[in-house]
1. If you take the residues in region 119-137 that are among the charged types (D, E, K, R) and assigned to a loop (DSSP other than H, G, I, E, B), which one is least open to solvent (accessible area, probe 1.4 Å)?
2. Within region 138-155, track down each residue that is open to solvent by less than 60 Å² (accessible area, probe 1.4 Å), part of a strand (DSSP E or B) and not small (Gly, Ala, Ser).
3. Out of SER128, SER98, I need the residue that is of a type in the set (Gly, Ala, Ser), at pLDDT 90 or above and on the phi < 0 side of the Ramachandran plot. Which one?
4. Residue by residue through region 64-85, note down the ones that are farther than 16 Å from ILE130 by Cβ, in a strand (DSSP E or B) and not polar (S, T, N, Q).
5. Of (1) loosely packed, with under 13 Cβ neighbours inside 10 Å; (2) under 19 Å from the mean Cα position of the chain (by Cα), GLU94 satisfies all except one. Which?
6. Please state which one of GLY101, GLY110, GLY141 is in contact with a helix residue (DSSP H, G or I) (Cβ under 8 Å, 6 or more places away or on another chain) and over 25 Å from GLU48 (Cβ atoms).
7. Going by the structure shown, is PHE116 open to solvent by less than 100 Å² (accessible area, probe 1.4 Å), among the aromatic types (Phe, Trp, Tyr) and either within 23 Å of PRO51 (Cα to Cα) or at pLDDT below 90 (or both)?
8. Take the residues in region 1-28 that are open to solvent by 100 Å² or more (accessible area, probe 1.4 Å) and among the hydrophobic types (A, V, I, L, M, F, W, C), then tell me which one is modelled with the highest pLDDT.
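The values are calculated or read from the model by the stated rules, or taken from the named source; none is laboratory data. Worth saying up front: this structure is predicted, and the values here are computed from it rather than measured. As a convention, Cβ positions derive from the backbone with ideal geometry for all residues, glycine included, and neighbour counts pool all protein chains shown. All accessible areas refer to the heavy atoms of the entire protein, side chains included, with ligands and DNA or RNA removed. Shrake-Rupley method; radii C 1.70, N 1.55, O 1.52, S 1.80 Å.
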Amino acid sequence: TSGETLNMLLSANLTGNIISGMLMDITQRKFTEKALKDNEEKYRTLFEANPNHTILVSSDGVILDANSSAARFSGLSTDELIGKNFSDLGIFSEDNLSFAGEKFSRALEGETLKPFQYRLINKNGEYSWIETQLVPIKKDGMINSILIIDTDITDRKNATDRLKSSLNEKKILIK
């Protein structure tokens, strides 16, 4: 039957020779392999289709995977990003590097952090406002990596600043 190992020993006597063999039903294994392949394809598609900069970083800060959005922001290819230490990318100012490092350390300790905002330096050397969410990834009950999801909020932040400035101007005119 499907999914069960069949231990059949076949014997035949052909001119004094014995032929033996063993049959094993591998139907379930093939279904499992296909399901695993399908899941890997879904994961890769979701990871790549995400418009946010998405980076998987090991507990020691080494980039394990990055999507194309992160690569475009940094100006490096995905292959160039993988294996680099996150702090060596040149996308942090000195202040923001220590701020991000402190948040990363807290996430590694298992603390649930709310999304936070700071500025990163994009491939053109310009500052971009980023909202970051850190998602600890566990393996065997231990946090071994962090999924970093960065949303570029520069346009939203600039629009908010313009509204605040306009409101302040109106307050001054009213006075």
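1. Filtering region 119-137 down to residues among the charged types (D, E, K, R) leaves 119, 123, 126, 131.
Next, only the ones that are assigned to a loop (DSSP other than H, G, I, E, B) stay: 123, 126.
On the way: LYS123: 118, GLU126: 103 Å².
Here the residue is GLU126.
2. Selection gives ILE143, ILE146, LEU147, ILE148, ILE149, ASP150, THR151.
3. Details: SER98 fails: at pLDDT 90 or above.
Residue meeting the stated conditions: SER128.
4. Matches in region 64-85: LEU64, ASP65.
5. Of the numbered conditions (1) loosely packed, with under 13 Cβ neighbours inside 10 Å; (2) under 19 Å from the mean Cα position of the chain (by Cα), the odd one out for GLU94 is (2).
6. Values: GLY110 fails: in contact with a helix residue (DSSP H, G or I) (Cβ under 8 Å, 6 or more places away or on another chain); GLY141 fails: in contact with a helix residue (DSSP H, G or I) (Cβ under 8 Å, 6 or more places away or on another chain).
Of GLY101, GLY110, GLY141, the one residue that is in contact with a helix residue (DSSP H, G or I) (Cβ under 8 Å, 6 or more places away or on another chain) and over 25 Å from GLU48 (Cβ atoms) is GLY101.
7. Working: open to solvent by less than 100 Å² (accessible area, probe 1.4 Å): yes; among the aromatic types (Phe, Trp, Tyr): yes; either within 23 Å of PRO51 (Cα to Cα) or at pLDDT below 90 (or both): yes.
Taking the combined requirement at face value, the residue satisfies it.
8. My answer is MET24.
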